[in-house]
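Below you'll find the structure, written out as structure tokens, and then a few comments.
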Amino acid sequence: MDFEYSAKTKELQKKLLAFMDEHIYPNESKYYAHVRSDKRWEPVPVIEELKPKAKAAGLWNLFLPHSRRVTGGGLSNLEYAPLCEIMGRVSWSPEVFNCSAPDTGNMETIERYGSEEQKQQWLDPLLDGRIRSAFLMTEPAVASSDATNIQMQIKREGDDYVINGTKWWSSGAGDPRCKIYIVMGKTNPDHASRHSQQSMVLVPAGTPGIKILRHLNVFGYDDAPHGHMEIDFKDVRVPASSILLGEGRGFEIAQGRLGPGRIHHCMRSIGQAERALEKMCKRATQRHAFGRTVAEQGVTRERIAEARIMIDSTRFMVLHAAWRMDTAGNKVARKEIAMIKVLAPNMACQVIDWAMQVHGGGGVSDDFGLANAYAHQRTLRFADGPDEVHRNAIAKQEIAEQTTLGEALATKKT
């Protein structure tokens with residue numbers, strides 16, 4: 001593959017970097033002042049102030065490729081990935097550009113699998129940034145890393161579906177602007193195929209029978225106003241037209257949803273690692289210990305060098321995965337996607353950990369943003385599916401490929 005960025009990407013990088021310098025970095029203190037205040041469950045004013053500026057700069061909805069609903073978008077995965085890295089340098093900045101999870105994945109899902117009516121009702125206001133959304137899949141009572149375990153019931157009754165069950169880690173559901181949930185549950189638990197039992201339905205937030213039980217903290221962070229909620233459904237009724245694609249198609253939708261969104265997460269992880277490395281280098285040159293700067297200590301230099309190697313290696317792997325998705329499709333690129341899911345957050349966790357060590361006690365405080373960044377990256381090792389699941393999938397495919405290759409070589413020799 002050619003790792004040279006396209007002219008379109010280079011131009012957008014230039015504009016995005018300028019926007020970050022002018023509007024994002026100078027407003028970090030405003031953002032954190034709000035989310036630590038007693039109004040933290042309300043929309044963040046500085047984000048709302050910056051959204052019109054991002055739109056005016058042509059930096060809006062960059063994530064959604066080839067959609068007639070997006071003007072000026074149409075970026076490939078390879079073109080969008082470097083932009084994601086820039087946005088990822090500040091955890092809250094993707095929302096300014098309407099490129100934040102879980103909305104990106106939800107918009108892609110509705111764009112790809114929704115009816116025209118569903119797109120008009122939910123996709124258009126999401127693309128406009130007027131509402132937000134949540135994706136409800138994980139459940140507290142089962143090991144949801146195996147999605148066939150999902151127990152939420154979605155039963156057809158006449159012209160409606162009736163939903164019962166409990167979800168948790170419903171990220172984004174704490175935001176008062178969250179108006180729509182994509183919910184995965186079982187419509188046919190007796191189907192012979194375990195992968196044809198599940199379906200996805202669109203459920204408006206606030207539908208009678210929905211109760212938000214609590215918000216879940218991540219290493220002590222409540223991530224307001226986004227939030228990670230535990231939500232109970234009791235006899236929640238939605239029209240049958242709310243189903244996405246059709247009954248038993250939940251796994252098909254989930255697989256289609258997982259590709260591009262994981263590229264986004266991985267590139268944002270690289271952005272977080274890059275910023276942590278910058279902070280580590282700056283801190284190391286400013287602090288003295290045992291008669292010399294921390295930057296002159298051998299172990300610090302070794303870690304800085306390793307961080308650079310790890311970040312650049314990960315970037316090339318993610319860009320390669322993006323290229324494979326663009327040229328061969330998500331299904332063919334599934335091994336490359338699985339590999340970066342494991343690699344990127346683990347790399348970011350290690351680099352951030354080294355940066356925290358250089359900062360001493362300050363590293364585990366909220367003064368430098370490293371503790372929060374570490375918490376977020378550690379969480380991605382679950383949120384994108386457990387590392388163990390991805391490694392298992394990689395190994396299975398590798399064994400199959402090597403076995404096939406060995407058989408082909410043996411046949412050729414005979």
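The values are calculated or read from the model by the stated rules, or taken from the named source; none is laboratory data. All values derive from a computational prediction rather than experimental measurement. Note: ideal-geometry Cβ built from the backbone for every residue, glycine included; neighbour counts use all protein chains shown.
Yes/no per residue for (1) touching a Phe, Trp or Tyr at 6+ places or on another chain (Cβ under 7 Å); (2) at pLDDT below 95:
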residue	(1), (2)
W169	no, no
G172	no, no
D175	no, no
K179	no, no
M184	no, no
H195	yes, yes
V201	yes, no
P204	no, no
K211	no, no
Query - Residue among A322, A273, A328 that alone is within 16 Å of the chain's Cα centre (by Cα) and within 30 Å of M200 (Cβ to Cβ) - result: A322
Requested in this report: Kindly check whether there is at least one residue in segment 280-297 that is closer than 23 Å to I340 by Cα, touching a residue at least 60 places away in the same chain (Cβ under 8 Å) and either surrounded by 20 or more Cβ atoms within 10 Å (Cβ to Cβ) or in the same structural domain as N149 (by TED's automatic domain parsing) (or both).
Outcome: no
Query raised in the report: Residues in segment 323-348 that are modelled with pLDDT of 95 or more and either over 27 Å from Y5 (Cα atoms) or assigned to a loop (DSSP other than H, G, I, E, B) (or both): how many?
Result: 0
Query raised in the report: List, please: which pairs have Cβ atoms under 6 Å, are six or more places apart or on different chains, and start with a residue in segment 320-348 that is in the same structural domain as E306 (by TED's automatic domain parsing) and end with one that is surrounded by fewer than 20 Cβ atoms within 10 Å (Cβ to Cβ) and not in a helix (DSSP H, G or I)?
Result: W323/M1; D326/S76
**Report entry** Scan of segment 199-237 for residues that are in a strand (DSSP E or B) and acidic (D, E), ordered by number
**Finding:** E230, D232, D235
